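The values are calculated or read from the model by the stated rules, or taken from the named source; none is laboratory data. This one's a predicted model, so the numbers in the text were calculated from it and none came from an experiment. Cβ placement follows ideal geometry from the backbone for every residue including glycine, while neighbour counts extend to all protein chains displayed. When the accessible area is computed, the model is the full protein with side chains, heavy atoms only, and any ligands, DNA or RNA have been set aside. Shrake-Rupley method; radii C 1.70, N 1.55, O 1.52, S 1.80 Å.
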Amino acid sequence: MPSSSVTSSVFDAAQQAACAPDAAPLLSAADLSARIPEHSLALMTVASGGTPLQVGDYLFFHAGERLIGIGYALTGGTSPSAFEAAFREAKRRTGARIFHLMSPRLPASLRGHTTETDRYYVLSAQAPVPARLRAPLERARAALRLEAGQEFTPAHRRLWGEFLGRAALPPSVRALYGRVEDLLRDARCRVRLLNAFDADGHLAACLVMDEAPAHFDTYLLGAHSREHPTPYATDALFALMLERARQRGKRFIHLGLGVNAGISRFKRKWGGRPALRYIRADWEEPKRDEAFMLALLASMHTDPDAAWSEAQREMEHAQVQRPFRMLWKVEKNGRTSWLGGTAHFFPYSFESAFKRLFREVDTVLFEGHLDEDSLETVARAGKRPPAPGACLYDLLTPAERAALARMVRGPEGPFWRALNMEAADKADVDWFLRRTRPWYAFFSLWCAYLERRGWRYSVDLEACRTAHDMGRRVLAMEDLSEQIAALESVPPARAVAHFRACGRWAAYLRANVRTYLAGDLIGMMGTSTEFPTRTGQVIAERDQRFRERMRPYLERGGCCALVGSAHLLNLRHMLREDGFTVTPAGRSLFFRLRRKLRGLREEDDD
């Protein structure tokens, strides 16, 4: 490994090249010294959207108020105190207040922010194909066409949508899936796709590799299809991955983190072994804003019975209005319709935007029925006792239930009550966990948490009410039985995982609001804390149903179809396959300028 001074000087030159969008791929000092995937300079620069910064032996990536810190020294060794000193200096230089750190050992002062622990897995480039896989691999290779490339096609987008709809992945991993196209387009990166196509030309599996580090290749991501399955397709790509690494003189493959039991089991099957420890810390420091204290003092002296004037109410309503940018224009044969993504809960209103949009249409389509009787029918289905083995109360530990109750109910007790900061109507967490279906318990407790945080709006309900008020034709694409069947298909384990991650809910909400308001659909892929309803059946299987049922109305023109935002990942491409032109609408000037500076076209967010 090079010395610190040599690393720093070479890093400065490499950093300048890495910050130039048209720069040719090159090995930076970080790549030459890389010990982990996050040392790949161009990869992290593009994936984080930040600017690289080196302090001593440590890399950081700065973007706005965010700072990502890599606590693995470029020159080797582990020193929590040295990393802490470097972090403090990077924090001082950047003025960041939102932090994401990863390190084999965290300084004692930062351990309270730990959100994830794992191990990096590595595999020798000389590793042979496991004996029990040799025969299946021969059959798989005979049935598949294997290739390496850099083009991210509609087939890859469909595979990503299908896989993410069923996979249980951490938010950081899901965010990386959303960045793959950016990585492939950027000339600074050495990212490649290993593809496996079946005899009919369907994409059966794909691996994403970073080949920039000098001594190893990194297996970043992978996906395999259940719609077009070929047994052992991913294993065939693993064998190809090893062959390519050996040909280019690499010592080993960095397989990344274990992530979950299924992924780590697959890596062990090929001989991967756990190596370096991985500890992640995430937190946000509050803004030093006097407005908070003034609001707190005002809340202690507010007369709860004081009536707002009509002018004050109108002013308050105007302040929460936002442009509706999660919107696409759909055109065919000279006729125009619209496709939008909704959210069940949101802190802002889009009523004014919907009024402008619905002036252009005569029909508004929703996923299902949103009238009070239909919603009550769904609620009755959810209040039925859970099936044996599906009681969330029993699937959570006492400590997890207590943490969930604190998160949902908020601060309680005389002190908070005196400050008028205790919620007046708190959810009975244990009752929902014990007595209701898993999906209903999730929605009820999630909604209670959002309401406590001031999320008073529902995008789909607001759109439905506005459409009715304007006299538009309102139709549902599913009946109640189909809606309830989709909800019943949600695995209890997904709700359990979401509840266990309640400590990260606040960060998820911030990212969700930012990307939704920008109309950044791909960015939203990384804002999920394993949202329970984002499963294969709830998303992928319903996409085809929505496609078939909205298509006649879109072809006629003058229609606006509104579905949950997650459905747009596939639906936009399905409609293009049906001959529609689908283009983003409502993007802000800042959003378009930012994408242009990154070398992307406006439609490339698709």
Top-ranked residue of region 50-73 - restricted to ones that are touching a Gly at 6+ places or on another chain (Cβ under 9 Å) and under 26 Å from ASP217 (Cβ atoms), ranked as surrounded by the fewest Cβ atoms within 10 Å (Cβ to Cβ): GLY50
Which of (1) at pLDDT 90 or above; (2) farther than 23 Å from VAL122 by Cα; (3) over 20 Å from the mean Cα position of the chain (by Cα) is the odd one out, the single condition THR234 does not satisfy? (2)
Filter the helices (runs of 4 or more DSSP H) completely within region 326-440 down to those with at least 3 residues that are among the hydrophobic types (A, V, I, L, M, F, W, C). 351-358, 372-382, 398-409, 414-418, 429-435
Working carefully through the options THR78, THR117, find the one that is over 22 Å from SER264 (Cα atoms) and not in a helix (DSSP H, G or I). THR78
Flag if ALA175 is out of contact with any strand residue (DSSP E or B) (no Cβ under 6 Å at 6 or more places or on another chain), open to solvent by 10 Å² or more (accessible area, probe 1.4 Å), part of a loop (DSSP other than H, G, I, E, B) and among the aliphatic types (A, V, I, L, M): no
Are any residues in region 406-440 modelled with pLDDT of 85 or more and of a type in the set (Asp, Glu), and if so, which ones? ASP428, ASP430
Tell me, which residue of region 354-400 that is touching a strand residue (DSSP E or B) at 6+ places or on another chain (Cβ under 7 Å) and closer than 23 Å to SER489 by Cα is surrounded by the fewest Cβ atoms within 10 Å (Cβ to Cβ)? GLY368
In region 101-115, residue nearest to ASP217 (Cα to Cα) [restricted to those that are open to solvent by 40 Å² or more (accessible area, probe 1.4 Å) and not small (Gly, Ala, Ser)]: ARG105
With the first residue restricted to region 245-274 and required to be without any contact (Cβ under 8 Å) to a residue 40 or more places away in the chain, and the second required to be in a helix (DSSP H, G or I), Cβ contacts under 9 Å at 6 or more apart or on different chains are PHE266/THR234; PHE266/ASP235; PHE266/PHE238
Filtering region 570-606 down to residues that are modelled with pLDDT of 85 or more, open to solvent by 20 Å² or more (accessible area, probe 1.4 Å) and not in a strand (DSSP E or B) yields MET574, ARG576, GLU577, ASP578, GLY579
Go through (1) within 26 Å of the chain's Cα centre (by Cα); (2) open to solvent by 10 Å² or more (accessible area, probe 1.4 Å); (3) among the aromatic types (Phe, Trp, Tyr) one by one and return the number of the condition TRP431 breaks. (1)
For the condition in contact (Cβ under 8 Å) with a residue 12 or more places away in the chain and over 27 Å from the mean Cα position of the chain (by Cα), what is the one hit in VAL474, VAL513, VAL490? VAL474
From the residues in region 74-88 that are within 18 Å of ASP282 (Cα to Cα) and touching a residue at least 24 places away in the same chain (Cβ under 8 Å), which one is surrounded by the most Cβ atoms within 10 Å (Cβ to Cβ)? PHE83
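For region 120-142: of the residues being open to solvent by less than 30 Å² (accessible area, probe 1.4 Å) and assigned to a helix (DSSP H, G or I), which is nearest to ALA566 (Cα to Cα)? I'd like the intermediate steps shown before the answer.
Start the filter on region 120-142 by keeping residues that are open to solvent by less than 30 Å² (accessible area, probe 1.4 Å), which leaves 120-123, 125, 127, 130, 133, 136-137, 140.
Still in the running and assigned to a helix (DSSP H, G or I): 133, 136-137, 140.
Working: LEU133: 36, PRO136: 35, LEU137: 35, ALA140: 32 Å.
By that ranking, first place goes to ALA140.
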Of the residues in region 143-163, those that are open to solvent by 70 Å² or more (accessible area, probe 1.4 Å), modelled with pLDDT under 95 and either more than 13 Å from VAL180 (Cβ to Cβ) or assigned to a helix (DSSP H, G or I) (or both) number 1
Which condition breaks for ALA467 when tested against (1) of a type in the set (A, V, I, L, M, F, W, C); (2) more than 27 Å from the chain's Cα centre (by Cα); (3) closer than 30 Å to PRO323 by Cβ; (4) open to solvent by 40 Å² or more (accessible area, probe 1.4 Å)? (4)
When ALA441 is run through (1) more than 23 Å from the chain's Cα centre (by Cα); (2) crowded, with 21+ Cβ neighbours inside 10 Å, the failure sits at (1)
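For region 491-512, give me each residue that is within 30 Å of ARG549 (Cβ to Cβ) and either touching a strand residue (DSSP E or B) at 6+ places or on another chain (Cβ under 6 Å) or open to solvent by 10 Å² or more (accessible area, probe 1.4 Å) (or both). So that I can check it myself, show each step before the final result.
Our first condition is that a residue be within 30 Å of ARG549 (Cβ to Cβ); within region 491-512, this holds for 491-492, 494-495, 498, 512.
Hits for region 491-512 are PRO491, PRO492, ARG494, ASN512.
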For GLU530, all conditions in the list (1) in a loop (DSSP other than H, G, I, E, B); (2) of a type in the set (Asp, Glu); (3) at pLDDT 85 or above hold save one; what is the number of the exception? (3)
Residue count, region 470-488 (criterion: of a type outside the set (Asp, Glu), open to solvent by 20 Å² or more (accessible area, probe 1.4 Å) and touching a Gly at 6+ places or on another chain (Cβ under 9 Å)): 5
